[in-house]
Every structure is written in C-alpha cells, then in structure tokens.
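The block underneath contains the structure these notes are about, expressed in structure tokens.
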Amino acid sequence: MLVGVTVGFVFAAERRQLILEMVRANGAVSLRELARVVQTSEVTVRRDVRALEAEGLLDRRHGGAVLPGGFTRESGFPQKSHLATAEKTAIADLAASFVEEGEAVVVGAGTTTQELARRLARVPGLTVVTNSLLVAQALAHANRVEVVMTGGTLRGSNYALVGSGAEQSLQGLRVSRAFLSGSGLTAERGLSTSNMLSASVDRALVQAAAEVVVLADHTKLGTDTMFQTVPTDVITRLVTDEPPAHDDRAATELQALADQGVHISVAGSGAGSGPGAPGGSGDAGRRREMPPLPGQRRTHPLADGRHGPQYPGPGQGGAPGPQLRSAVPLGDQAPVRVADLAPRRR
C-alpha cells in the first residue's frame, strides 16, 4: 500500500515536495498515483518529476518515479506491478497474437511477460519454458499448455529462478522465439536490466531461441541500466505501446531501433487482439508496424557459417536438442493488415 496524503490545490514548489515525499516513502510511485495524490494531471506531474530528476532528487523509471540510483537499484514486484498497467495489457494482447498453436517458446521474468502468460493460457498445444514462478503460475491451470521450468536459485524480488542451475537447464534447448522484458531499452545497447544474475539467465534464454521478441512499454525506451541482456542486433521484434505526443525521447528511440533493423509493433490503448485472432476484425488502427530498413540483416548469437542467421533445428547440425514444435518465423507470417511506418533513412 502506498504511503501518501490527500491535498487540495498546491503551488508547484509544494507539489514537487509532496511528490518527493511520496517517492521517498514508497521507493517507487506511478505517475498516475502521484497525479491522484496531488490532484493534478499526469502531464503536470511528469513535468514536476523531470524537474526533480534534473536536481538529482529522483529518477524517472517505468511510468513513474523512483529513488535516485537507477543503475544499481531495482524496484520489487509489488512496485512494478502497479506501474504502466494499461500499457502492459495492450502490449501483452498484441504479443500473444504472434504465438500460434503447437509452438514452443521461452518466456522470461517480468510483470509484462506475466501479462503475456495469462493470454498464452488459451493457445492449445503450446510449450512454454520459463524461469519465472509468476509466468508458471499464470499457466498452471491451462490444461492444453505444457510448462517447463528451469532449475536455479529463487530471486525473491521478482520471483525468478537465476544462477548456474537455471542457465545449465537451458543448454541444448531449441524453441522458435523468446519473449523477454527488462528495465531499459536503447538503440545503442539494446535491452538491459539492473541485476547481474537476471541478465545472465536472460542471455541464456536468448541462446535457446531463433528469434527474440522484446516487450517494453514506452517508459523504458531510452532508459539504460547496468547489465546488457540482448544487444540491439539480436532483437527481432519490439512490442511496445504508443508514446505520448510530448515524449520525444521515446519516439526518437523507436525510430533509431527501426533504423537498426528491429521490427516494431506498436499496440494502441484499445489493442485487444489475442491468440487465434491476429489481424482480425477491429484490429486495424489498434496497432502500427514500423518495419526495419530494407536490406538490414538480423543477426543472432547462435548464427555461424554453417547454419546462417536462424538457430539450427534437430538434424541440422549442432548438439541434439528436445523435439519441440516450432511455429513459422515472424518474417514468414502473413502481412499485418495495418499501416506501415517507413523508418527514416540515415
């Protein structure tokens, strides 16, 4: 429960002091909650948070504000679960539409991937490999979905299994794609997180997949944290939400990611396409596609001269792995029936 006060009209200096007190009391507070407490708009609160950040009194993270030191701190699950909830829901709806019956995927830890897992429970014949207790819990009663958990040591702040046990259990695994989230995403460094053990397991999840899909709401765009998990040239697709019109940093980062070859799917607030209904009626106008620059070649850490850019399947060389069914790559799906945004050429 957030610690706060109810106030009437306040001047900017008083309002910012209240915001600072809220963040200090709770560690992390969403913009929506701050706006409710100080009784003003989220636009005004965002401006206040930026001013306080410029003074070094707090940091902007994940659709809210946190105590300073974002490169070494990480908000716990209770704080993250209340931030950017509408955006995470839209992202999860759209990401689920890319998963097909009988596919095998890996899903990393995070509140956005937990939302995705709730929607994957409706996909028949699906196999989900995960190191997240929350993802597994969301799928626990899905009788048509097989859940495979890694080993490892429990990290209580995000209910994820980490460490050498988790990484070793992923060796030899082959799936069609990985769905990952993180603490920040930039065109320069790719996806990053604040915890070394979490970053190491995420890298192992990437090694198991032919394609990498990153789920990140607009508040993470342009945010850089300590440990890199997925370099930009390894990310196949980014699923995100529509940045606010005034958020130039997020818009610039999206364009830069597209220019580097990342296919970007933007979910609108009304996105509701779920598994089994991608591109169906009512889908037009709810998501946008920003394709990568023509001719840009996506790379993957598993690619080499023998196998090309895609991960080798059973019988194609390399160590034999579990016989998991795999859907067609994203690039082979039917064209999405939405307006394309052409990336700006450099």
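Among the residues of region 199-220, those identified as within 19 Å of residue 115 (Cα to Cα) and not in a loop (DSSP other than H, G, I, E, B) are 202, 205, 212, 213, 214, 215, 218, 219, 220. Any residue in region 251-260 that is open to solvent by less than 10 Å² (accessible area, probe 1.4 Å) and either in contact with an Asp or Glu (Cβ under 9 Å, 6 or more places away or on another chain) or within 25 Å of residue 201 (Cβ to Cβ) (or both)? Looking through region 251-260, at least one residue is open to solvent by less than 10 Å² (accessible area, probe 1.4 Å) and either in contact with an Asp or Glu (Cβ under 9 Å, 6 or more places away or on another chain) or within 25 Å of residue 201 (Cβ to Cβ) (or both). Residue check: residue 181 meets all listed conditions (1) crowded, with 24+ Cβ neighbours inside 10 Å; (2) in contact with an Asp or Glu (Cβ under 8 Å, 6 or more places away or on another chain) but one, namely (2).
Being open to solvent by 40 Å² or more (accessible area, probe 1.4 Å), outside any loop (DSSP other than H, G, I, E, B) and within 23 Å of residue 174 (Cβ to Cβ) is the filter here; which residues of region 106-157 pass it? Result: 146, 147, 148, 149. Residue 225 passes all but one of (1) more than 12 Å from the chain's Cα centre (by Cα); (2) surrounded by fewer than 24 Cβ atoms within 10 Å (Cβ to Cβ); which number fails? Just one mismatch for residue 225, condition (2).
The values are calculated or read from the model by the stated rules, or taken from the named source; none is laboratory data. Nothing here was measured: the structure is a model prediction, and the numbers come from that model. Don't worry about glycine lacking a Cβ; one is built from the backbone with ideal geometry, like all the others, and counts go over all protein chains shown. Accessible surface areas use protein heavy atoms only, side chains included; no ligands, DNA or RNA. Shrake-Rupley method; radii C 1.70, N 1.55, O 1.52, S 1.80 Å.
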